[in-house]
Amino acid sequence: VYRDVLRDVVAPVARPDDQVGLRWLPDGAYDYDRTLRFFTTTGLSAQEIHDIGLQQVAKLADEYRALGPEVVGSDDLDTIFEAMRSDPKLHFERGEQLVEASEVAMRRAWDAMPDWFEVLPQAPCAGQATMSGAKAFYFPPATDGSRGGTFFINVDDPGSWGTFELESMAFHEGIPGHHLQLAIASELTGVPEFRKHLINSAYAEGWGLYTERLS
């Protein structure tokens, strides 16, 4: 029935494939810019943000070339990427390996936190396997302290996880990434409750990326 509605009711009045996106609606460009401002807090245009991303990708390519000979025996990007995708030696075999590696990474980060941060979370953070959902995600602690934060790792297909990505994912989603961001916010005092749970995407994910490098 749902398929029939899409085909018979929605498709005949829908915009063509070359006019998808917000900008094709009335005032769409204005609304897009406002949305961009809301999610990034900057006055940068979409193109400027995209260009920053391209610059970062170019920098990463240089790092891959520098590390490639040690890891896969080549500084050729195509060879490096193919090894990262398909070399069994660079991938996990069992789900429990993912949980164990993430727990080890987060324990190391937890022990190092006092040397880097003045304000520390009281709630702990644990790694936990899941068979559904995103590849990895974080669930914040209970505000009453009854439950700590959780870094969920999707172990449905362990071989899809590269050994080279697990640590940075644990640092980003868990400690010191989203766990510090969200646990510290929820533990603030003298702040209206709703302000403890507001999330700005640019800050939240920017913090996660920053902590990958820091760690």
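The values are calculated or read from the model by the stated rules, or taken from the named source; none is laboratory data. As the structure is a computational prediction, the values presented were derived from the model and not from experiment. Note that each Cβ is placed from the backbone with ideal geometry, even for glycine, and that neighbours are counted across all protein chains shown. Keep in mind that these areas ignore ligands, DNA and RNA; they rest on the heavy atoms of the full protein, side chains included. Shrake-Rupley method; radii C 1.70, N 1.55, O 1.52, S 1.80 Å.
The Cα atoms of region 1-65 cover 50, 31, 19 Å along the three principal axes, with the biggest extent listed first. Panel note: the C-alpha atoms of region 60-113, placed on their principal axes, show extents of 36, 28, 15 Å (largest first).
Per residue, the convex hull spanned by the alpha carbons of region 126-203 comes to 102 Å³. Projected label points at Phe81 and Arg195, each 7 Å from Cα along the beta carbon direction, are separated by 4.5 nanometres. Dipole magnitude for the chain: about 620 debye, using +1 per Lys or Arg Cβ and -1 per Asp or Glu Cβ, origin at the Cα centre. Taking the alpha-carbon centroid of each part, what is the distance from region 134-197 to region 73-88 in angstrom? If you average the Cα positions of each part, the centres end up 30 Å apart.
Taking all Cα pairs closer than 8 Å and separated by 6 or more residues, the relative contact order of region 1-151 comes to 10 percent.
Taking 15 Å as the cut-off, the amide N atoms of region 97-136 that come nearer than this to a point 7 Å along the Cα-to-beta-carbon line of Asp157 belong to 131-136.
Could you compute the net charge surrounding Arg23? Neighbours are other residues with a C-beta less than 10 Å from the C-beta of Arg23; K and R count +1, D and E count -1. Computed value for this residue: -3. The value obtained for region 21-149, namely the Cα convex hull volume divided by the number of residues, is 232 Å³ per residue.
Counting only heavy atoms of the protein chains and using a 1.4 Å probe, Lys59 has close to 120 Å² of accessible surface. Placing +1 on each Lys and Arg Cβ and -1 on each Asp and Glu Cβ, with no other charges, gives region 1-48 a dipole about its Cα centre of roughly 100 debye. For Lys135, neighbours were defined as the other residues whose beta-carbon sits under 11 Å from its Cβ, and their charges (Lys and Arg +1, Asp and Glu -1) total -4. Each other residue within a Cβ distance under 12 Å of Val10 adds +1 if Lys or Arg and -1 if Asp or Glu, for a net charge of +1.
Peptide packing for 123-135, 101-113, 176-188 was compared via the average number of neighbouring C-beta atoms within 10 Å per residue; ordered from the highest value, the list is 176-188, 101-113, 123-135. At full extension, Ser132 and Arg107 could sit 6.5 nm farther apart than now, given 0.36 nm per residue minus the alpha carbon distance. For a straight C-alpha distance cut-off of 22 angstrom, the lysines reachable from Lys89 (same-chain residues fewer than eight places away being disregarded) are Lys135.
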